[in-house]
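This report concerns only the one structure given below.
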Amino acid sequence: MTNPLDYHDPEIRKEVLERQRRGLWTPEQTRSLAKHFGLEPGMHLLDAGCGYGYSLRAFGPWCMPGGTLFGCDRDDALLRTARTLAAEEGLGATARFITGDITCLPFDSNRMDLTIAQIVLCHLAEPEKALDEMIRVTRPGGCVVVMDNARSLGPGGGWSSLREPSIPQLLFNFEAMLRHRRGRKRLGLGDFTVGCKMPGWMEKRGLKNVSVRGNEKVSWIAPPYASPDQQLELQKLKERLAVPTAHRSHLARQYDPIYRAGGADRAMIRRLRRSGRRNRRRVEEALEKGTLAYAAGTPLWCVWGFK
Ligand SMILES: C[S@@+](CC[C@H](N)C(=O)[O-])C[C@H]1O[C@@H](n2cnc3c(N)ncnc32)[C@H](O)[C@@H]1O
């Protein structure tokens, strides 16, 4: 089965590769991570599984002047946009985008000073193979970075002002999440706990000074939604709600085979859909009344080590 996150779908591309990216790491964290990675002018950086080249654009400026930035992805259409975005940020002359598979990178060994992959390994059937490749193309002393989902067994932290779910509803949500996770693994679509396993995988491969940071960004809104951050969050929410129902159902259906592979029966899938629709209505009503409040973070870890 191919991954249901189809980045050719304009809505998904906009939501995942643009909007979500803007809120993942704060500028302060990016600055501090660049220091930890030992980035300096003149370095060669590879953003592996680059998508729109978020990491290349976030960390590329620390390699300037004199650096070379490589973005590699298996999807040519994404690379075309990545090229445009890099040029818009003044990195066009130094950025090269190359089609390739992260489990068999089209680069010589020991070529890069920094090799980074963000939210790529969690989508792979063989994430350790990708890590081996990232280490291979990094020079001795260079830095290998994986930023990825680190979802523990339980649902992520967060809170909303909507009606508090009952314990049976919470248990149902928990089971559905575990079925989804198991289904992904069974279908070879990856593992959202990969970030938690990464420090051990890096140490096992002899990387030195392996370190981990969690992303500190928490999105929240509360009436009267006064700050610019909250206004932006509200706008993102309204845009998500504006996706036409037919399109949303089409996307939701793409997840059915995953739930089924994880052992969910038809009743569970139907109930999931119902509770999704109910939840959406509650969000819309609360938005209209101006009472909606929530706080939620993404459990994403940055794990790095030196070859
Ligand atoms: C969630 S996106 C992350 C993109 C980017 N790293 C970011 O943080 O915005 C996952 C990316 O991995 C790419 N990808 C998935 N499997 C890959 C593989 N085997 N080799 C290269 N790229 C891959 C996808 O095309 C997509 O661009």
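The values are calculated or read from the model by the stated rules, or taken from the named source; none is laboratory data. Not measured: the values here are computed from a predicted model. Cβ: placed from backbone, ideal geometry, glycine included. Neighbour counts: every protein chain shown.
Summary table
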quantity	calculated
Scope the range 47-77; condition near the ligand (Cβ under 9 Å from one of its atoms) and basic (Lys, Arg); matching residues	74
From 144, 194, residue being within 13 Å of the ligand (Cβ to nearest atom), in contact (Cβ under 8 Å) with a residue 40 or more places away in the chain and not acidic (Asp, Glu)	194
Only one of 56, 69, 131, 85 that is of a type in the set (A, V, I, L, M, F, W, C) and more than 29 Å from residue 197 (Cα to Cα)	85
Test set (1) in a helix (DSSP H, G or I); (2) more than 10 Å from the ligand (Cβ to nearest atom) - residue 20 fails condition number	(2)
Qualifying positions in the range 250-275 - under 24 Å from residue 190 (Cβ atoms) and exposed (fewer than 13 other Cβ atoms within 10 Å of the Cβ)	250, 253, 265
Qualifying residues in the range 97-123 (those that are in a loop (DSSP other than H, G, I, E, B), touching a residue at least 40 places away in the same chain (Cβ under 8 Å) and farther than 11 Å from residue 48 by Cβ) - the one nearest to the ligand (Cβ to nearest atom)	119
Residue satisfying condition, being assigned by TED's automatic domain parsing to the domain that holds residue 24, outside any loop (DSSP other than H, G, I, E, B) and modelled with pLDDT under 95, within set 78, 45, 56	78
